[in-house]
Amino acid sequence: MITAALIAFPFFAALLLFLLPATMAKKVALAITLLQAVFTAYVIYLFDINEHRSLLSNMQFILSENWIHSMGIRFFVGLDGLSMLMVILTNFLLPFIVLTTWNKEFKNPRLFYFLMLMMQSALVGVFVSLDAFLYYIFWELALIPIYFIVLIWGGENRVKITFKFFIYTLLGSLLMLAAIIWLYLQTSDYTFGIDSFYALRLDPTAQRWVFWAFFLAYAIKIPLLPFHSWQPDTYTTAPNAGSMLLSGIMLKMGIYSIFRWILPITPMAVSAYTDIVLIMCVVGIIYASWIAVGQTELKRLFAWSSIAHVGLITAGIFTLSRTGFQGAMIQMLAHGVNVVGLFFVAEIIQQRTGTTEIQKLGGIRQLAPVFASCYMIITFASVALPLTNGFIGEFLLLSSLYDYSYVFTAFAGLTVILGAVYMLRAYKTSILGENSAMTIFADLTISERLVLFPIVGIIIFFGLFPQFIFNLTDESVKYLLMEISNHMVPTI
Amino acid sequence: MTTLVLLSLLGFLILFLGAFDQKKLILPSAVLGLIAAFFTNALDWGTNRLWYSMMLYDNYAISFIGLMILTVIFILLIASYQFRNEGSHIADIYALMIFVLVGALVMTSYSNLVMLFIGIEILSIALYILVGSRRMNLSSNEASLKYFLMGAFASGFLLFGITLVYGVTGSFDLAAISDYANGTENLPIIFNTGLILILIGFAFKIGAVPFHFWTPDVYQGAPTLITAFMATVVKTAGIAAFYRLFDTCFSGIDGVWYNVLWVISIATILLGNISAIMQNEAKRMLAWSSVAHAGYLLLPVLALNELSSSSIFYYTAAYSIASVTAFGVLIAISQFNNDLQIDQYKGLAKNNPFLTFALVISMFSLAGIPPLAGFFGKYFVFLTAMESNLNIAVIIAIAGSLIGVYYYFRPVIFAFNNDGQEMERIKTSWVFNFVLAICIGITLLLGIFPDIISALPGI
């Protein structure tokens with residue numbers, strides 16, 4: 001029941017927004033997300049991180065009710081360490097994302113916050129679904145609010161850009177739907193339950209088809225290199241809260257799904273295609289970093305750097321090692337937090353100066369030292385400086401990649417160097433130095449401090465004590481590895 | 001049978017009410033009569049009664065008849081809004097619509113090819129007049145003539161096919177034809193020719209490629225209400241009759257018709273969707289999209305397994321309700337704008353939140369976005385097709401529905417895209433709003449609890 005409540009609460013509470021005056025929308029939305037965060041904290045407290053040895057005993061707070069009985073579709077949800085991590089990410093980031101909009105007035109705010117909360121419900125739904133069909137519904141449902149958020153409140157050229165984004169992601173998911181239906185027809189008892197899907201022993205050819213149908217959907221969502229072209233435009237044109245939802249949480253849907261659906265169902269195809277995927281990732285990392293170096297606008301730069309980061313995360317997963325998995329989990333959380341911080345920094349600069357062109361900025365440090373320091377720490381975290389949350393994840397990912405092949409590591413390691421180049425240069429040009437045109441730049445307001453200080457706190461805390469994440473996800477990781485190696489045994 | 005008699009009498013009653021100038025009574029009596037018909041129809045559930053070996057009221061027929069009666073009720077109630085200021089011949093239009101329904105009823109419950117033909121003719125002849133019911137309007141007249149000529153051809157093909165099948169089997173009865181078809185080793189060429197001719201006749205009626213040419217012109221020329229009526233009730237009746245014939249008689253024999261139908265359905269999906277992209281006129285866009293939907297509906301006919309009938313029913317239900325909503329919004333907007341370009345949805349969202357919501361729900365449902373009814377319709381159709389290993393067809397159909405998203409989203413984008421323009425608040429009657437609200441409710445409900453329909457036994 002707890003899991004179902006986690007999904008349902010934001011959506012149904014959001015309906016309240018329409019009963020209250022529009023001026024209250026922001027406060028009510030914040031209250032709802034805070035309540036949800038407290039609720040999540042309570043669920044963490046109840047969560048048992050001890051060892052279990054099967055999928056369904058790993059899962060906790062399971063709820064399984066018939067939904068569409070005649071089709072074998074259930075409302076089947078549960079939490080394991082991996083899901084829990086994603087739920088934590090979603091529910092703790094949302095209050096911050098709402099807070100970043102505190103100084104902003106949107107037209108039709110009730111609809112805006114309603115869509116945001118609806119998105120939260122859908123995201124939690126994706127992360128806890130144990131029924132493939134239910135998972136697909138939530139997967140698609142998450143797309144609709146963000147589509148409207150960008151379409152209605154977005155910037156220039158939003159119609160074309162949102163459209164490309166929608167069609168692109170829908171293409172991926174429809175192929176995934178076809179694969180899900182096909183898998184369903186293979187199950188002995190005609191269900192969409194994840195346990196039945198895991199129990200399938202597909203022959204290698206079938207695995208290849210299923211793998212690509214799923215992987216395409218995720219590669220578009222994450223996005224990996226040839227499928228990334230929707231991303232920078234969408235991030236740039238979206239209102240900032242939308243970019244945060246997209247990059248902080250939504251793209252993790254793709255990474256999470258690789259763990260949850262691709263690896264255990266098609267392990268042979270995964271190991272057959274590891275090199276191809278790694279090449280996609282590594283080329284993407286270098287390409288995106290290279291483009292990022294040339295960017296002159298902060299939001300676009302953060303968008304491209306995000307492609308480089310998620311490329312590395314995906315590469316770590318496909319090494320199929322415990323280090324890689326753990327690194328990916330930590331880095332998912334770290335990237336989510338950092339990218340929200342970065343987009344908020346861009347938002348603050350945009351509000352104060354009316355531009356995010358790096359060249360037009362500068363000299364902010366003297367005027368707003370607190371802001372400059374916060375931005376600096378977030379920058380350090382995203383270039384993976386030791387003692388920040390970015391370091392542990394990136395280190396584990398690179399070391400797992402090194403175990404797999406040092407060639408890939410050499411190239412992927414460029415991300416760290418190039419990342420330092422563009423992030424530090426952007427910081428230097430936009431914040432430090434002298435700029436006679438920059439005369440007024442108010443330091444952080446209280447609501448802004450309430451966002452940036454906790455983010456900085458999280459960055460440092462998880463930089464020093466990452467153990468919590470290891471503990472939370474370790475059982476899921478071990479189980480996944482066991483499941484994969486079990487599947488590998490039959491003839492390939 | 002009670003339903004059939006009731007509906008026929010209702011048609012005459014309305015004609016008489018019109019003749020004696022009792023205009024106020026027309027709509028209430030039509031709606032009440034239809035509601036009564038809905039219940040008498042529902043009472044037959046599970047009886048499987050065969051009438052004089054001509055008509056079989058099985059659950060399949062009863063569910064389709066119920067759906068069509070419900071759609072007509074919605075359309076009539078929306079019509080009350082459009083016709084409130086209009087001319088004197090409302091009674092004729094309502095009566096003709098009910099006669100179309102009588103024809104549709106016969107088409108879904110026939111168990112004899114003669115009844116099929118009679119049903120199609122009752123439906124078509126009333127429809128020819130309805131399409132031309134804007135007597136002073138040139139395009140309406142053109143549409144009527146076109147539809148008549150094309151319809152006559154289609155009937156000709158169908159009749160020719162029926163004759164050939166009769167010539168081989170010696171019977172019009174579906175059971176007898178089925179026995180012959182399944183019991184004969186090498187079917188004579190004449191039988192197969194007849195089968196293909198019947199298939200062509202049906203393809204004409206439901207507007208499948210390459211027999212679709214009449215659809216856009218006729219849909220555009222006809223009064224919007226009649227267009228809505230054709231896109232929903234007539235299409236439902238056509239596909240229901242189509243499936244009934246092929247399921248009962250020709251399921252055992254494959255080969256000839258299978259390949260033809262495969263090509264037809266794929267071509268229909270692709271051409272319908274691609275052509276719909278290029279339309280700027282809202283009604284033409286919906287017309288082409290209805291061609292595409294006919295293509296999706298042919299997939300379960302092709303698959304012909306135990307899921308087919310329920311997936312066809314679910315799809316037509318979702319599609320009909322969403323279409324009624326879409327056409328309702330279109331009618332409300334076109335009150336103020338004479339022509340119906342898609343960009344005239346511009347700025348709708350600003351002052352008309354309810355109409356915008358209805359537009360979004362209907363377009364998303366037609367495009368197949370979860371968790372709306374239209375998505376489950378597509379899902380069931382794909383599932384049915386994949387169960388019969390029509391994987392390639394499903395992949396193409398998926399590509400088609402991706403194209404569909406493009407044109408279904410255009411009105412929505414325009415509605416929210418209010419740079420410069422704002423549409424003034426559109427006044428609508430409470431009956432109209434009520435119907436739209438019910439349709440939205442059904443679309444959501446069918447999406448969240450698809451079991452309501454898919455669990456119906458014996459469809």
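Taken together, the values in this text are just the output of simple stated rules run on the coordinates, not laboratory data. What you see is a predicted model; the values in this text were computed from it and never measured. Don't worry about glycine lacking a Cβ; one is built from the backbone with ideal geometry, like all the others, and counts go over all protein chains shown.
Starting from the amide H of A:ILE73, placed 1.01 Å from N in the peptide plane, find each other amide H under 5 Å away whose residue is 5 or more places distant or on another chain.
A:TRP67, A:ILE68
Looking only at GluC sites (Glu not before Pro) in DSSP loops with at most 16 other Cβ atoms within 10 Å, what is the longest site-free stretch of chain B?
B:186-305
Quick one: if you stick a label point 7 Å off each Cα along the C-beta vector at A:LEU387 and A:SER436, how many nm between them?
About 3.9 nm separates the two model spin labels.
Inverting the mean 1/r over all pairs of different Cα atoms, compute the Kirkwood radius of chain A and quote it in Å.
22.7
Over the whole of A:180-186, what's the average partner chain Cβ count within 10 Å per residue? Rounded to a whole number, please.
Shielding by partners across A:180-186 averages 3.
Report, to the nearest 10°, how far helix A:298-318 tilts away from the longest principal axis of the Cα atoms in chain A, using its own Cα long axis and a range of 0 to 90°.
Roughly 30 degrees between the two axes.
Can you figure out the FRET efficiency of A:TYR287 with A:ALA41, using R₀ = 45 Å and their beta-carbon distance, to the nearest 0.05?
So the FRET efficiency works out to roughly 0.70.
Ordered by residue, what ³J(HN,Hα) values in Hz, to whole numbers, does region A:345-359 give under the Karplus form 6.51 cos²θ - 1.76 cosθ + 1.60, where θ = phi - 60° and Gly and Pro are x?
4, 4, 4, 4, 4, 4, 5, 6, 10, x, 8, 10, 5, 4, 5
How large, in Å, is chain B by the Kirkwood hydrodynamic radius built from its alpha-carbon pairs?
Result for chain B, one decimal place: 22.1 Å.
Please report the Cα spread of the protein assembly as shown along all three principal axes, rounded to whole Å, starting with the longest.
Principal extents (largest minus smallest coordinate, Cα): 89, 66, 45 Å.
Among A:ASP474, A:ASP131, B:ASP44, what is the fewest-to-most ranking by other Cβ atoms within 10 Å?
Ascending Cβ contact count within 10 Å gives the list A:ASP474, B:ASP44, A:ASP131.
Around B:ASN112, which amide H atoms from residues at least 5 apart in sequence, or from another chain, sit under 5 Å from its own amide H, with H modelled in the peptide plane?
So B:ASN112 has HN proximity to B:LEU174.
Take the Cβ-Cβ distance between B:ILE277 and B:TRP430 as r, set R0 to 35 Å, and report the resulting FRET efficiency rounded to the nearest 0.05.
According to the calculation, E is roughly 0.45.
How much length is gained on full extension from A:PHE468 to A:SER271, taking 0.36 nm per residue of separation minus their Cα-Cα distance?
Between A:PHE468 and A:SER271, full extension yields an extra 67.9 nm.
Taking a quarter of the surface of the convex hull around the Cα atoms of region B:32-169, what do you get in nm²?
On the way: hull surface 38.1 nm².
Its Cα hull, projected and averaged over all orientations, spans 9.5 nm².
Please compute the modelled spin-label separation between A:PHE461 and B:ILE452, points set 7 Å along Cα→Cβ, answer in nm with one decimal.
Between B:ILE452 and A:PHE461, the simple spin-label model gives 4.6 nm.
Just checking the output field for B:53-61: average partner chain Cβ neighbours within 10 Å of each residue's Cβ? Write down the numbers at each step before the final one.
Working: counts 0, 0, 0, 0, 0, 0, 0, 0, 0.
Mean inter-chain Cβ contacts per residue within 10 Å come to 0.
Tell me the Kirkwood hydrodynamic radius of region A:272-492 in angstroms, computed as one over the mean inverse distance between distinct C-alpha pairs.
Final number for the Kirkwood radius of region A:272-492 is 18.3 Å.
Counting only residues 5 or more places away or on other chains, whose amide H sits under 5 Å from the amide H of A:GLN60 once H atoms are built in the peptide plane?
Those lying under 5 Å, H to H, from A:GLN60 are A:LEU79, A:ASP80.
Need the C-alpha centroid separation for region A:429-457 versus region A:239-274, integer Å.
33
Rounded to whole Hz and in sequence order, give me ³J(HN,Hα) for region A:321-328 from the Karplus expression 6.51 cos²θ - 1.76 cosθ + 1.60, θ = phi - 60°, writing x for Gly and Pro.
10, 5, 4, x, 4, 5, x, 4
Taking the mean number of other Cβ atoms within 10 Å as a proxy for protection, how do you rank B:262-272, A:476-486, A:396-406, B:19-29 from highest to lowest? Write down the numbers at each step before the final one.
On the way: B:262-272: 21.7, A:476-486: 17.5, A:396-406: 20.2, B:19-29: 13.3.
Ranking, from highest mean packing down: B:262-272, A:396-406, A:476-486, B:19-29.
Using +1 on the beta carbon of Lys and Arg, -1 on that of Asp and Glu, and nothing else charged, what's the dipole of region A:341-492 about the Cα centre, debye to 20?
440
Based on Cα coordinates alone, diagonalise the gyration tensor for region A:376-483, multiply each eigenvalue by 5, take square roots, and list the semi-axes in whole Å, largest first.
Here the semi-axes work out to 34, 21, 8 Å.
Can you give the calculated 222 nm mean residue ellipticity of chain B, where each DSSP H run of n ≥ 4 adds -39,500 (n - 2.57) and the sum is split over every residue, rounded to the nearest 500 deg cm²/dmol?
Calculated at 222 nm, the ellipticity per residue is -25000 deg cm²/dmol.
Take peptide A:170-178, look around each residue's Cβ out to 10 angstrom, count Cβ atoms belonging to other protein chains, and average those counts.
Mean partner shielding for this stretch: 5.
Which of the aspartates and glutamates could a cross-linker bridge to B:LYS24, judged by Cα under 18 Å and excluding same-chain residues fewer than eight apart?
B:GLU86, B:ASP92
Rounded to the nearest 10 degrees, what's the angle between the helix A:143-153 long axis and the longest principal axis of chain A, both from Cα atoms, 0 to 90?
So the inclination is approximately 20 degrees.
Can you tell me which of A:337-347, B:210-220 comes out highest on packing, and rank the rest after it, using the mean Cβ neighbours within 10 Å?
Values: A:337-347: 26.6, B:210-220: 21.3.
In decreasing order of mean packing, A:337-347, B:210-220 become A:337-347, B:210-220.
Work out the FRET efficiency for A:LEU34 and B:LEU445 from their Cβ-Cβ distance, taking R0 = 41 Å, and round it to the nearest 0.05.
0.80
Quick one: 3J(HN,Hα) in Hz for region A:163-176, Karplus 6.51/-1.76/1.60 with θ = phi - 60°, rounded, Gly and Pro as x.
So the J values, rounded to whole Hz, are 5, 4, 4, 5, 4, 4, 5, 5, 4, x, 6, 5, 5, 4.
Quick one: putting +1 on the C-beta of Lys and Arg, -1 on the C-beta of Asp and Glu, what dipole do you get for region A:139-202 around its Cα centre, in Debye to the nearest 20?
280
Roughly what would the spin-label model give for A:LEU185 and A:TRP102, points 7 Å off Cα along C-beta, in nm?
Inter-label distance under the simple model: 5.5 nm.
Given the convex hull of the Cα atoms of region A:44-192, what is a quarter of its surface area in nm²?
Hull-based average projected area comes out at 11.3 nm².
At 25 °C and a viscosity of 0.890 mPa s, what translational diffusion coefficient does Stokes-Einstein give for region B:254-459, taking Rh as the Kirkwood radius over Cα pairs? Give it in µm²/s as a whole number. Numbers along the way, then the final one.
Details: Rh = 17.5 Å.
For these conditions, the coefficient is 140 µm²/s.
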